[in-house]
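Below is one structure, written out as structure tokens, with a few remarks after it.
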Amino acid sequence: MEDIVTAAQPEKRKIALSGIQPSGIFTLGNYIGAVRNWNDLQDSCDCLFMIANMHTITVRQDPATLKANTYRAYANLLSAGLDPDRNILFVQSQVPAHAELGWVLDCYTMFGELSRMTQFKDKSAKNADNINAGLFTYPALMAADILLYKADVVPVGLDQKQHVEIARDIAARFNGIYGSVFTVPEPLISKSGAKIMSLAEPQYKMSKSDPNPNACISVSDKPEDIVRKFKRAVTDSEATVKRGEGRYGINNLIEIYSIAAGLTPEQVEQEFEGKGYGEFKVKVAEAVIEMLRPFRERSEDLLKNKDYLDQLQRQGAEKAARVAERTMNKVYKKVGLFR
Ligand code: TYM
């Protein structure tokens with residue numbers, strides 16, 4: 001009986017949306033904390049994945065580098081195994097509805113709540129000569145990205161949780177005024193790898209825009225660079241491969257190795273019991289090289305064919321725009337704007 005009921009009312013597939021900025025080359029943190037998990041979602045959800053290039057200009061960019069990084073980021077999504085026929089893979093600036101809804105939501109987002117965003121505080125400290133309005137209202141544009149597609153879940157790393165929470169608040173506020181227009185999204189954060197730390201300052205997250213090249217592994221780093229960076233990774237003087245409170249460096253390396261080698265953290269600790277950091281670091285590097293190798297090779301191949309990437313980007317944007325337009329029509333109508 002129960003089976004019949006379930007069969008008669010199949011649960012609607014959830015919609016998942018996420019984005020990544022082409023502010024540099026993807027890091028191991030982006031791969032482990034985001035892109036790798038998106039791959040698993042494509043079987044269970046209707047997915048949209050976006051290159052968030054409009055967010056990137058909140059920090060000054062060289063135009064040619066931004067374009068090159070956008071192509072590379074798109075190629076990276078394909079190389080990670082995301083299928084452009086089963087998912088909508090697109091570049092944000094090619095879908096005008098993001099800018100349109102971003103503006104509308106700016107008017108439903110409070111100064112006070114934007115002031116509390118830790119990313120705004122961090123980025124304005126790092127870019128003191130360019131604390132622009134876009135950097136401040138960034139979360140309203142990110143809310144637009146999510147709400148345009150009625151996403152149920154937003155798979156992100158831990159650092160983006162606060163932005164998904166404000167998107168929930170904005171959606172609920174708008175719905176409270178105009179009725180049920182937006183789906184209130186949930187953040188989806190993986191249990192492991194949600195915050196991969198810098199190799200140079202392991203109390204901070206690994207970041208694409210870190211000026212110190214030894215702090216982060218990029219997905220296009222050559223094997224010899226990966227080995228060198230892991231060998232230099234900051235640890236501590238305890239010399240045991242064991243997780244512990246405040247052992248940021250070693251905790252991070254254990255986490256990275258366990259993901260890259262497909263082991264539990266306990267198994268990693270057992271494997272390296274009585275062994276030194278030198279041996280461990282080389283093993284971590286080797287496992288990461290193997291994890292990234294197919295991804296890196298496929299990306300390099302795809303980047304040789306920009307026409308193919310252009311064509312997929314256009315097709316993805318057209319599919320995204322069809323969905324986004326429906327939401328925009330509804331929003332303008334509710335708010336009282338002519339379209
Ligand atoms: P971005 O480009 O900084 O990062 C992309 C994704 O990678 C995750 N991530 C990490 N995960 C683990 N360890 C790390 N060290 C690490 N660094 C980054 C991020 O959490 C993110 O999931 N604002 C977003 C882009 C965005 C977006 C969106 C995301 C724009 N619109 C809509 C979701 C939904 C950003 O700057 O991510």
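Laboratory data are not the source of any read-out in this text; all were calculated from the coordinates shown. It should be emphasised that the depicted structure is a prediction, and the values quoted were computed from it without experimental measurement. As a convention, Cβ positions derive from the backbone with ideal geometry for all residues, glycine included, and neighbour counts pool all protein chains shown.
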Longest principal axis of the chain (C-alpha) makes with the long axis of helix 63-79 (C-alpha) an angle, in degrees to the nearest 10, of 80 degrees
Ranked from fewest to most other Cβ atoms within 10 Å of their own Cβ, ILE217, ILE131 fall in the order ILE131, ILE217
Part-to-part distance (alpha-carbon centres) for region 161-202 and region 121-143, which is given in Å: 17 Å
Long pairs among LYS208/LYS283; LYS121/LYS161; LYS150/LYS205; LYS195/LYS242, criterion Cα-Cα beyond 22 Å: LYS208/LYS283; LYS150/LYS205
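Below 8 Å between Cα atoms, with a sequence gap of 6+, how large is the relative contact order for the chain in percent?
With pairs under 8 Å counted, the relative contact order is 21 percent.
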The orientation-averaged projected area of the Cα convex hull of the chain, in nm², is 20.4 nm²
Given the convex hull of the Cα atoms of region 195-242, what is a quarter of its surface area in nm²? 3.9 nm²
Considering amide H positions built from the backbone, and no H for Pro or chain starts, which residues 5 or more places from LEU48, or on another chain, come under 5 Å of its amide H? ALA16, LEU17, SER18, ILE88
Proxy reagent accessibility, fewest Cβ within 10 Å first, across PHE338, PHE295: PHE338, PHE295
The size of the Cβ-based charge dipole (Lys, Arg +1; Asp, Glu -1) of the chain about the Cα centre, to the nearest 20 debye, is 860 debye
Seen from all sides and averaged, what is the projected area of the convex hull of the Cα atoms in region 223-301, in nm²? 5.2 nm²
Per-residue HN-Hα couplings for region 112-123 [Karplus 6.51, -1.76, 1.60; θ = phi - 60°; Hz; x = Gly/Pro]: x, 6, 5, 5, 8, 5, 5, 5, 4, 5, 4, 5
Whole-number percent relative contact order across region 184-339, with pairs defined as alpha carbons under 8 Å at least 6 apart: 18 percent
